[in-house]
Amino acid sequence: VFNAKTAELLSHHQVEIQQKFPKEGWVEQDPKEILKSVHECVERTCEKLQQLNIDITNIKAIGVSNQRETTVVWDKTTGEPLYNAIVWLDLRTQSTVERLLKRIPGKNKAFFKFRTGLPLSTYFSAVKLRWLLDNVEEIRQAVDDGRAMFGTIDSWLIWSLTGGKNGGVHCTDVTNASRTMLFNIHSLEWDPELCQFFDIPMEILPKVRSSSEIYGLMVCFLKSGALTGVPISGCLGDQSAALVGQMCFQDGQAKNTYGTGCFLLCNTGQKSVFSEHGLLTTIAYKLGRDKPVCYALEGSVAIAGAVVRWLRDNLGIVKTSQEVEKLAAEVGTSYGCYFVPAFSGLYAPYWEPSARGIICGLTQFTNKNHIAFAALEAVCFQTREILDAINKDCGIPLNQLQVDGGMTNNKVLMQLQSDILCIPVVKPSMPETTALGAAMAAGAAEGVGIWSLNPGDLTAVTCERFEPQINPEESEFRYARWKKAVMKSMGWETSEAPSNGKSE
């Protein structure tokens, strides 16, 4: 909860959502658990506000932000999900992608780029939805019966929070729609030809709205009932929300969010710029029904914070994520060890699904501290690759990088990032910029009007700066070694792999 005049964070609560890995490369979440976590966060945040003697009837608008490509299909008559949500970095659709590529002239991944801004990849919702229609009998049946609804997580939440099966609103916003591969980013409408190509029935798709308007009213579940009737009036995919929360409203302003993955977005204003260097063209925001749409170039890295989670949960070399920073700080170098965390293939700028994670340059001297350092350095090198691509596409090199997200609390990581980019890294003292962006969109909506987005009215944010501390030659040397490691990670996986005794 934010103060609309000062953008100050008044109260918050967060819950970690369980990821399920039913098979290798599969990543799922339970849509009901996601909804329950939202209920819990709202409940607890309101309790904290009451402890601060803040009247919760002062809450005037609600914004939603979400992981973007994660795909859910549910039954509109029962309100129940028909399958777990397939998470954005899930890889099960690799064979679906290969099958679809065969139908494209020259197997060109970029065939739909000028309509969608995206290459054909396992990452986007259309292929996940295609997989669900091909593989889940309940979903096929629900589509035939006219009971099925498709959405990314924002649509599932807004529908559920505005009444669900009793009149819930089935909508999404332009930023989320632009990640499905079914949306024309110029006409701002679902594209009938793309729906035909993926063989997806258009009647299951949500209505596409701007990122800042009243979608519906909250149907309350709070014990106190205090939020009943509060408008849900902001909706932005998480990376767009962070761009808004970082106030990157000018052409050429960019931010990098360090979450599970890493996402660098550069605002290109009202013109869509198409990348020659493996970046995506995406919708940054459309802050009102009658406001212009703004675009961004985006570099997406699948594994950032997830590498720390992997060191904790899979290797067990740390008990908490914070310990990774401590281990890395103790050695201050990877001692020639390089880690390419291509657990879900490589995203930008390579789009190489056959890559797999590798740790190389190991010697008898290497220990867990070096591996922890190499893991943090990998996040920084991946960001550097994307920044290089953005600089080439935009022609104006960035002179500083604005950062946000959970991992930015790691000071070793932030200093490393500045060293590897050779430019300052600037971090707002309030890291929850994604939530702030959703709040700004909600508060600025027509009919709510409590948050001004005029540049003059935006409060300056206090920031921490990290300046480069190593010489550029050293930085270039390490970056060149990293590139060599990336080349070695490619081409591991082939779809014709023998079944190694496991049934599919």
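Residue 154 - would you say it is open to solvent by less than 30 Å² (accessible area, probe 1.4 Å) and at pLDDT 95 or above? Yes: the conditions hold for residue 154.
Look at (1) in contact with a helix residue (DSSP H, G or I) (Cβ under 7 Å, 6 or more places away or on another chain); (2) touching a residue at least 40 places away in the same chain (Cβ under 8 Å); (3) open to solvent by less than 10 Å² (accessible area, probe 1.4 Å) and you find that residue 345 fails only one, number (1).
Checked against (1) farther than 30 Å from residue 217 by Cβ; (2) assigned to a loop (DSSP other than H, G, I, E, B), residue 451 passes all but condition (1).
Kindly establish whether residue 330 is more than 20 Å from the chain's Cα centre (by Cα) and of a type in the set (D, E, K, R). Give the derivation first.
Numbers: more than 20 Å from the chain's Cα centre (by Cα): yes; of a type in the set (D, E, K, R): yes.
Here the answer is yes, as residue 330 does meet what is asked.
Rundown of residues vs (1) more than 21 Å from the chain's Cα centre (by Cα); (2) within 21 Å of residue 240 (Cβ to Cβ); (3) part of a helix (DSSP H, G or I), yes/no style:
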residue: 63; (1), (2), (3): no, yes, no
residue: 74; (1), (2), (3): yes, no, no
residue: 78; (1), (2), (3): yes, no, no
residue: 91; (1), (2), (3): no, no, no
residue: 96; (1), (2), (3): yes, no, yes
residue: 100; (1), (2), (3): yes, no, yes
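If you check 283, 303 for being in the same structural domain as residue 386 (by the TED database) and at pLDDT 95 or above, only one passes: 283. In this structure, is residue 326 at pLDDT 90 or above and not in a helix (DSSP H, G or I)? So residue 326 does not fit the description; no. Of the residues making up region 7-42, those that are assigned to a helix (DSSP H, G or I) and open to solvent by 40 Å² or more (accessible area, probe 1.4 Å) number 5. The test for being closer than 22 Å to residue 268 by Cβ, in contact with a helix residue (DSSP H, G or I) (Cβ under 7 Å, 6 or more places away or on another chain) and in contact (Cβ under 8 Å) with a residue 24 or more places away in the chain does not hold for residue 139. Just one of 307, 318 is open to solvent by less than 30 Å² (accessible area, probe 1.4 Å) and assigned to a loop (DSSP other than H, G, I, E, B); which is it? Step by step, each of 307, 318 is checked, and only 318 is open to solvent by less than 30 Å² (accessible area, probe 1.4 Å) and assigned to a loop (DSSP other than H, G, I, E, B).
If the condition is being more than 18 Å from residue 172 (Cβ to Cβ) and in a strand (DSSP E or B), then region 281-297 contributes 281, 297. Inspect all residues belonging to region 50-69 and state whether any of them is without any contact (Cβ under 8 Å) to a residue 40 or more places away in the chain, within 30 Å of residue 456 (Cβ to Cβ) and surrounded by fewer than 20 Cβ atoms within 10 Å (Cβ to Cβ). Scanning region 50-69 turns up at least one residue that is without any contact (Cβ under 8 Å) to a residue 40 or more places away in the chain, within 30 Å of residue 456 (Cβ to Cβ) and surrounded by fewer than 20 Cβ atoms within 10 Å (Cβ to Cβ). Count of region 428-462 residues, restricted to those that are within 20 Å of residue 241 (Cα to Cα), touching a strand residue (DSSP E or B) at 6+ places or on another chain (Cβ under 9 Å) and surrounded by fewer than 23 Cβ atoms within 10 Å (Cβ to Cβ), is 11.
Tally up the residues in region 113-132 that are part of a helix (DSSP H, G or I) and open to solvent by 10 Å² or more (accessible area, probe 1.4 Å), please.
If we filter region 113-132 for residues that are part of a helix (DSSP H, G or I), which is where we start, we get 113-116, 125-132.
This time we only want the ones that are open to solvent by 10 Å² or more (accessible area, probe 1.4 Å), so: 113-115, 130-131.
The qualifying residues number 5.
Of all residue pairs spaced 6 or more apart or on separate chains, those with beta-carbon atoms under 7 Å, a first member in region 350-372 that is farther than 30 Å from residue 98 by Cα and a second member that is β-branched (Val, Ile, Thr) and assigned to a helix (DSSP H, G or I) are 369/331; 370/331; 372/324.
The values are calculated or read from the model by the stated rules, or taken from the named source; none is laboratory data. Just so you know, these numbers come straight off a predicted model, no measurement behind them. Here the Cβ is made from the backbone with ideal geometry for all residues, glycine too, and neighbour counts use every protein chain on show. Please note that ligands, DNA and RNA were not included when accessible areas were found on the heavy atoms of the full protein model with its side chains. Shrake-Rupley method; radii C 1.70, N 1.55, O 1.52, S 1.80 Å.
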